[in-house]
1. In nm, to one decimal, how far is the residue 147 label point from the residue 108 one, both placed 7 Å along Cα→Cβ?
2. Could you let me know the centre-to-centre spacing of region 98-175 and region 6-83, using Cα atoms, in angstrom?
3. Select one label from (1) 0.97; (2) 1.10; (3) 1.13: the one whose number is Rg/Rh (Cα atoms, Kirkwood Rh) as derived from the coordinates shown.
4. If r is the Cβ-Cβ distance from residue 95 to residue 122 and R0 is 41 Å, what FRET efficiency results, to the nearest 0.05?
5. With a point put 7 Å past each Cα toward its Cβ, work out how far residue 19 is from residue 41 in nm, to one decimal.
6. Note the angle between two axes, namely the Cα long axis of helix 150-174 and the longest principal axis of the Cα atoms of the chain, as a number of degrees from 0 to 90, rounded to the nearest 10.
7. Return the calculated 222 nm mean residue ellipticity for the chain, to the nearest 500 deg cm²/dmol, obtained by summing -39500 (n - 2.57) across DSSP H runs with n ≥ 4 and dividing by the residue count.
8. Normalising by the residue count of the chain, find the relative contact order in percent from Cα pairs under 8 Å and 6+ residues apart.
């Protein structure tokens, strides 16, 4: 396993992204479960309880969070593209992580990621075939109090998966 260093990089909400970068971001979304699978193939049961810093989520909890977060993101993406929804609401990630299902084995959440990413990336590729129509759409996120465009959602989740994957790798390699 590569000795990746966990970083606290932040997502840049205001960065302009070209259509070529968006295509690369969709490919990154498509490929994320494969990257995660490579790491999961090497971990032990003990690794699932490791954290990347004191007080952080465990590797198991991060995997469950990824499934929840990316499922929600896929739904939000469909809202932006296919409905006249004007706003979406946040969910409390830490409360979700404190629920019983976050102690379940990680395999079910990995399977969710496989299915969601397959459908999501194909859906996004179709959207990019008509960028004039789809990339102009946005939805208001009441928690962050900002409008989220389809471009931002694509870019955010191309960043989000690898961000948490680095946390998992760091936890495994440094504990």
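1. 4.0 nm
2. 5 Å
3. Given (1) 0.97; (2) 1.10; (3) 1.13, the structure-derived one carries the label (1).
4. Working: r = 31 Å, r/R0 = 0.77.
Efficiency for this residue pair is about 0.85.
5. For residue 19 paired with residue 41, the spin-label model returns 3.6 nm.
6. The angle comes out near 10 degrees.
7. On the way: 6 runs with 102 residues, N = 175.
Roughly -19500 deg cm²/dmol at 222 nm, from the helical runs in the chain.
8. Working: 184 pairs, mean separation 73.7, N = 175.
Here the relative contact order equals 42 percent.
The numbers here are math on the coordinates, done by the rules we state, and not lab data. None of the values given here were measured: they were computed from a predicted structure. Neighbour counts are summed over all protein chains in view; Cβ atoms, including those assigned to glycine, are modelled from backbone coordinates with ideal geometry.
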